[in-house]
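Report on one structure; see the data block that follows.
Laboratory data are not the source of any read-out in this text; all were calculated from the coordinates shown. As the structure is a prediction and not an experimental result, all values here were calculated from the model. Neighbour counts are summed over all protein chains in view; Cβ atoms, including those assigned to glycine, are modelled from backbone coordinates with ideal geometry.
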């Protein structure tokens with residue numbers, strides 16, 4: 001897996017996530033404490049802290065590091081819907097209908113504006129640039145791309161299917177997708193009162209070959225830059241997987257010339273295990 005842990009440009013992202021987690025925990029602690037107080041708990045604040053730890057803090061038993069697996073419940077890590085306290089689920093159907101109409105009218109008004117027309121023109125130009133770039137690439141195809149929360153790309157690179165996903169500034173790439181046997185509910189539509197309709201779809205999963213943040217080098221801002229980033233990341237992974245120079249080979253002669261321990265493969269750049 002590509003390692004972006006030491007990328008200094010990811011520091012801002014990690015700080016934003018840390019601030020969001022801290023604020024989220026504070027908000028939910030302040031939400032729980034009055035509930036416990038109403039039930040006659042002697043120390044509602046302390047109990048709220050204990051409950052948050054018991055529900056949301058899971059650690060590896062050997063290292064003590066925090067586990068981020070999605071199988072564990074977690075507190076919000078962004079201010080979306082005011083950390084959950086402004087979610088549509090706490091609104092009445094009339095409130096949802098009114099908000100839906102206001103949002104729809106606002107969107108329609110915006111897309112009639114000169115600014116929206118400029119955005120549309122820029123998007124069309126960016127898409128045309130992407131298609132021109134793809135037409136020149138051997139072994140690369142993009143079946144679909146788009147979105148912003150999450151941004152998702154699907155396609156093939158050199159015979160390997162891929163799935164790219166970015167959400168809240170964190171991205172990952174899965175390779176060689178296959179049916180997982182798991183099904184998830186996805187949004188199929190929304191009524192005028194804001195009610196959401198869902199459908200079930202089988203999930204295709206692959207091996208996660210790389211992950212990082214939007215601060216990663218060459219991540220880019222345009223569709224072409226993003227496509228290049230995805231393709232380059234996949235091909236670097238494939239090249240390193242196929243490289244035989246460091247697999248069981250003797251690198252002592254290289255180490256002797258450089259007068260230092262060989263920590264990276266001099267051919268493909270794979271990080272080597274160190275004692």
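Once you have the Cα-Cα distance between residue 127 and residue 272, take 0.36 nm times their residue separation minus that, and quote the gain in nm to one decimal. Roughly 48.2 nm would be gained on extension. Rounded to the nearest 10 degrees, the inclination of helix 114-135 to the longest alpha-carbon principal axis of the chain is 30 degrees.
Taking the mean number of other Cβ atoms within 10 Å as a proxy for protection, how do you rank 140-148, 169-177 from highest to lowest? Please list the in-between numbers first.
Working: 140-148: 13.1, 169-177: 18.3.
Descending packing order for the listed peptides: 169-177, 140-148.
Taking Cα atoms only, the orientation of helix 223-242 departs from the longest principal axis of the chain by about 50 degrees.
Each peptide in 45-55, 198-208 was scored by the mean count of other Cβ atoms within 10 Å over its residues; highest first, the order is 45-55, 198-208. Of the residues 98, 182, the one with the fewest other Cβ atoms within 10 Å heads the list, and the complete ranking is 182, 98. Pairs of Cα atoms under 8 Å, at least six residues apart: use those to get the relative contact order of the chain, whole percent. In percent, rounded to a whole number, it is 16. What label, among (i) 1.29; (ii) 0.95; (iii) 1.03, belongs to Cα Rg over 2.2 N^0.38 Å computed from the structure on display? After the calculation, the listed value that fits is (i). You can think of it this way: the chain between residue 14 and residue 244 has 79.2 nm of extra reach, that is 0.36 nm per residue less the Cα-Cα gap.
Given Cα positions, please report Rg to Rh for the range 1-90, the hydrodynamic radius being the Kirkwood one. Let's see the in-between values first.
Numbers: Rg = 15.9 Å, Rh = 15.2 Å.
Using Cα coordinates only, the ratio equals 1.04.
Computed extension gain for residue 91 through residue 59, at 0.36 nm per residue and net of the alpha carbon distance, reaches 8.0 nm.
So what's the back-of-envelope 222 nm ellipticity for the chain, counting only DSSP H runs of four-plus at -39500 (n - 2.57) apiece and dividing by all residues, rounded to 500? List each step's numbers first, then the result.
Numbers: 6 runs with 109 residues, N = 275.
Only helices count here, giving -13500 deg cm²/dmol.
Helix 93-111 and the long axis of the chain differ in direction by around 50°, with both axes built from C-alpha atoms.
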